[in-house]
Amino acid sequence: MPSKPKLGQNFLRDAQAIERIANALGDLAGETVIEIGPGRGAITRAIAARAERVVAIELDGELAEYLRCEFPAGRVRVVQADVLEFDFAAAAAEAGKRLPVAGNLPYYITSPILLKLAASHAALDRAVLMVQQELADRIVARPGSRDYGVLSVTVQMFGPVEPLFTLPPGAFSPPPDVHSTVFRWRFAPRFGELGVDEAGFLRFVRGAFAQKRKTLANNLRAAGHAPAAIQESLTRAEVPPQARAEALSLEELARLWIELPKQTAAPASGAAVSD
């Protein structure tokens, strides 16, 4: 067994937590499950006992080789690759259905992985993911809370999320410096339902939350919208003139985006989801 993590991995060793993660995926009979970052295979083993097949994506070459020796090739397929380059659509086409996903996500690359999953939503059904507690708090945050922001809105626009349980550092080897939270994400994008364009709406969200201490109107002004257009749009969307973005639900943000004249906004760049 590889003795020292090379990529900042913290391997889950709590047997009860491993079972809870596998159970949280629901009925896996006949399913192909994608596992992100299997590490030493603790969660892999629990999922493989329930599913028809596991595709384990592991970046570390030494760990990938170890996993191939640990698991029968027919039941567990180990792919040594960067998950950001993995073709979820091809995997779903091979399985003939949308796929469940599980993973203990590396802290340093969590947001890019979430964006990758969001972009692959058509191939995915649900995900049970473990991330740093502070990040999970932002992912599942509701309007009006301190943690609600760009990350909350971005993830939740691709489907509902719910926190499941939190684990202390001692549940891992080596122990991290933080607690970790497991959450479930069901892929059901809301852009069509709310009548918004995905790329345009997410650009608007980044601008709306740009400075959390500023009012929504001030942030929109900084994003290039004309003051008069902002006030008219707030009125039509029934949003208070002094509201801050973190007070607005997905539905309210969508209504406001629809009302704003699109041609007045300055173009925004990047796809970051950090607050």
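With the convex hull constructed from alpha-carbon coordinates only, the range 77-132 shows a mean projected area of 3.9 nm² over all directions. The helix-only estimate of mean residue ellipticity at 222 nm for the chain, built from DSSP H runs of length n ≥ 4 each weighted as -39500 (n - 2.57), is -10000 deg cm²/dmol after division by the residue total. The residues of the range 116-238 present an accessible area of 41 Å² per residue when probed at 1.4 Å with all protein chains retained. Here volume of the Cα convex hull per residue in Å³ was computed from the coordinates, and among (i) 232; (ii) 125; (iii) 150 the match is (ii). The aspartates and glutamates within cross-link reach of LYS262, meaning a Cα-to-Cα straight distance under 19 Å and a gap of 8 or more places when in the same chain, are ASP197, GLU198, GLU232, GLU238, GLU251, GLU252. Couplings 3J(HN,Hα) of the range 58-65, computed from phi: 10, 6, 6, x, 5, 5, 4, 5 Hz, in residue order, whole Hz [Karplus 6.51 cos²θ - 1.76 cosθ + 1.60, θ = phi - 60°; x for Gly and Pro]. Here the Karplus relation 6.51 cos²θ - 1.76 cosθ + 1.60, evaluated at θ = phi - 60°, turns the backbone of the range 15-20 into coupling constants of 4, 5, 5, 4, 5, 5 Hz, with x for every Gly and Pro. Of the residues PHE86, ALA122, PRO175, the one whose Cα sits farthest toward the positive end of the charge dipole of the chain, with +1 on the Cβ of Lys and Arg and -1 on the Cβ of Asp and Glu, is PRO175.
Ranked by the mean number of other Cβ atoms within 10 Å of their residues, highest first, the peptides 210-219, 64-73, 136-145 fall in the order 136-145, 210-219, 64-73.
Of the solvent-accessible surface of the chain, computed with a 1.4 Å probe over protein heavy atoms with every protein chain present, carbon and sulfur atoms account for 51 percent.
Rounded to the nearest Hz, the phi-derived 3J(HN,Hα) couplings of the range 37-43 under the Karplus curve 6.51 cos²θ - 1.76 cosθ + 1.60 (θ = phi - 60°) are x, x, x, 8, x, 5, 6, where x marks glycine and proline.
Across all Cα pairs in the range 1-98, the calculated P(r) in 10 Å bins from zero up to the longest distance comes to 16, 49, 32, 3 percent per bin.
Over the range 186-253, the ratio between the Cα radius of gyration and 2.2 N^0.38 Å evaluates to 1.11.
Each other residue within a Cβ distance under 12 Å of ASN10 adds +1 if Lys or Arg and -1 if Asp or Glu, for a net charge of 0.
Hydrodynamic estimate: the Kirkwood radius of the range 133-225 over Cα pairs, inserted into Stokes-Einstein at 10 °C and 1.306 mPa s, corresponds to D of 106 µm²/s. Solvent exposure of the range 1-81 amounts to 47 Å² per residue of accessible area, where only protein heavy atoms count and the probe is 1.4 Å.
Is there a quick way to get the dipole size of the chain? I mean about its Cα centre, with the Cβ of Lys and Arg at +1 and of Asp and Glu at -1; what is the value in debye to the nearest 20? Please report the intermediate quantities before stating the final value.
Working: 31 positive and 31 negative charges, 75 e Å.
Charge dipole, the chain, about its Cα centre: 360 debye, nearest 20.
Using the Cβ-Cβ distance between ALA188 and GLU85 with R0 set to 22 Å, the FRET efficiency works out to roughly 0.30.
The values are calculated or read from the model by the stated rules, or taken from the named source; none is laboratory data. Fair warning: this is a prediction, and the values are worked out from it, not measured in the lab. Glycine also receives a Cβ, built like all others from the backbone with ideal geometry; neighbour counts cover every protein chain displayed. Note: areas computed on protein heavy atoms with side chains; ligands, DNA, RNA excluded. Shrake-Rupley method; radii C 1.70, N 1.55, O 1.52, S 1.80 Å.
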